[in-house]
Amino acid sequence: MSSPEPSEPPVPEHPARPNTILVVEDEILIRLALADHLRDAGLTVYEAVNGAEAVDLLTHHGNEIDAIFSDIMMPGPIDGLALLAWAAQHYPAVPVILTSGAPGQSQTISALNNAGLFFLKPYDMDNVAKLLTAKAKARAQDRDGVPST
């Protein structure tokens with residue numbers, strides 16, 4: 001008696017897509033190094049030089065972005081904390097992880113640090129990539145209902 005042929009796994013209704021991260025950093029060398037590291041880790045990366053550019057990218061590509069990694073201290077009217085507030089209002093399901101070389105001791109920074117959503121510079125890029133990958137995969141799973149790549 002022969003055993004039945006193994007069946008093909010079902011094809012998902014929506015194919016998986018790469019996870020997408022928005023990196024917001026005004027220091028170009030840090031931004032480029034982190035963006036390259038995240039791409040090497042298999043993530044798609046949008047880059048913004050300041051909070052205003054990040055808001056513009058989110059306005060046009062917000063449904064594609066699975067997580068945001070932003071410096072706190074940036075030039076212009078929208079710093080990292082203002083971006084965090086804006087994203088929470090407009091894209092509440094998108095996790096925001098902040099970083100700074102001079103974090104201060106605000107309640108927001110303490111809360112983010114306690115929640116594992118803050119990195120003090122200089123940070124380990126592998127640890128940042130691991131956290132962003134995990135947050136992005138969870139966000140994509142919640143949004144799309146299919147595993148992401």
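Some observations on this one:
- W86 versus Q141: modelled label distance in nm, points set 7 Å from Cα along the beta carbon direction: 3.1
- Global geometry of region 48-149, whether rounded, prolate or oblate, following the gyration tensor of its Cα atoms and the 1.5 cut on a/c: oblate
- Magnitude of the charge dipole for region 20-143, about its Cα centre and with charges confined to Cβ atoms of Lys, Arg (+1) and Asp, Glu (-1), is about 420 debye.
- For region 20-143, with +1 on Lys and Arg beta carbons and -1 on Asp and Glu, the positive-most of F119, P77, V23 along the dipole: F119
Readers should treat all values here as calculations from the given coordinates under stated rules, not as data from a laboratory. Bear in mind that the values here come from a model prediction, so they are computed numbers and not experimental data. Neighbour counts are summed over all protein chains in view; Cβ atoms, including those assigned to glycine, are modelled from backbone coordinates with ideal geometry.
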